[in-house]
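All remarks here apply to the structure that follows.
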Amino acid sequence: MDWDQIGQKITGFGKDVSDKVKETAEMVRLRQRICAEEDKLADAYRSIGKLYYEKHEGEIDEDYMPHFEHVGEAKAAIEEFQGQLNELKKTKICPECGAAVDENASFCSKCGHKMN
Ligand SMILES: [Zn+2]
């Protein structure tokens, strides 16, 4: 058995691994930079899209129509959820039965407990 040769192989192997690790770290760094740039790109597209939507809302353009519809649906949904959230904010919890009670109510609508 040639120990020198084996030693060289091991050293060589170690070097390979080290290079691979370095390459991987560099790849990770590049992937992070790509991700950051993709985020910037998405933000820029978003801004362009928002501006376009605001300038052309209500206009009929077949190419943009499906996207406009999605925007409209999403905006309506957000408004609906926001309304539900506001309604929840306006309620207080009955200390007696745990029901959600209108913040201005004097008595719990479920158990009649006096609300302060
Ligand atoms: Zn109650």
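The values are calculated or read from the model by the stated rules, or taken from the named source; none is laboratory data. All of these numbers come straight from a predicted model, not from anything done at the bench. Using ideal geometry, Cβ is built from the backbone for each residue, glycine included, and neighbour counts are taken over all protein chains shown. Please note that ligands, DNA and RNA were not included when accessible areas were found on the heavy atoms of the full protein model with its side chains. Shrake-Rupley method; radii C 1.70, N 1.55, O 1.52, S 1.80 Å.
Within the stretch 67-116, restricting attention to residues that are touching a Lys or Arg at 6+ places or on another chain (Cβ under 6 Å) and open to solvent by less than 60 Å² (accessible area, probe 1.4 Å), which residue is farthest from the ligand (Cβ to nearest atom)?
VAL101
Can you tell me which condition ASP61 does not meet? The list is (1) in a loop (DSSP other than H, G, I, E, B); (2) under 17 Å from LYS50 (Cβ atoms); (3) open to solvent by 90 Å² or more (accessible area, probe 1.4 Å), and all the others hold.
Failing condition for ASP61: (3).
Please count how many residues of the stretch 36-59 are of a type in the set (A, V, I, L, M, F, W, C) and within 18 Å of LYS75 (Cα to Cα).
2
Are any residues in the stretch 82-92 more than 14 Å from LYS114 (Cβ to Cβ) and assigned to a strand (DSSP E or B), and if so, which ones?
The answer is THR91, and nothing else.
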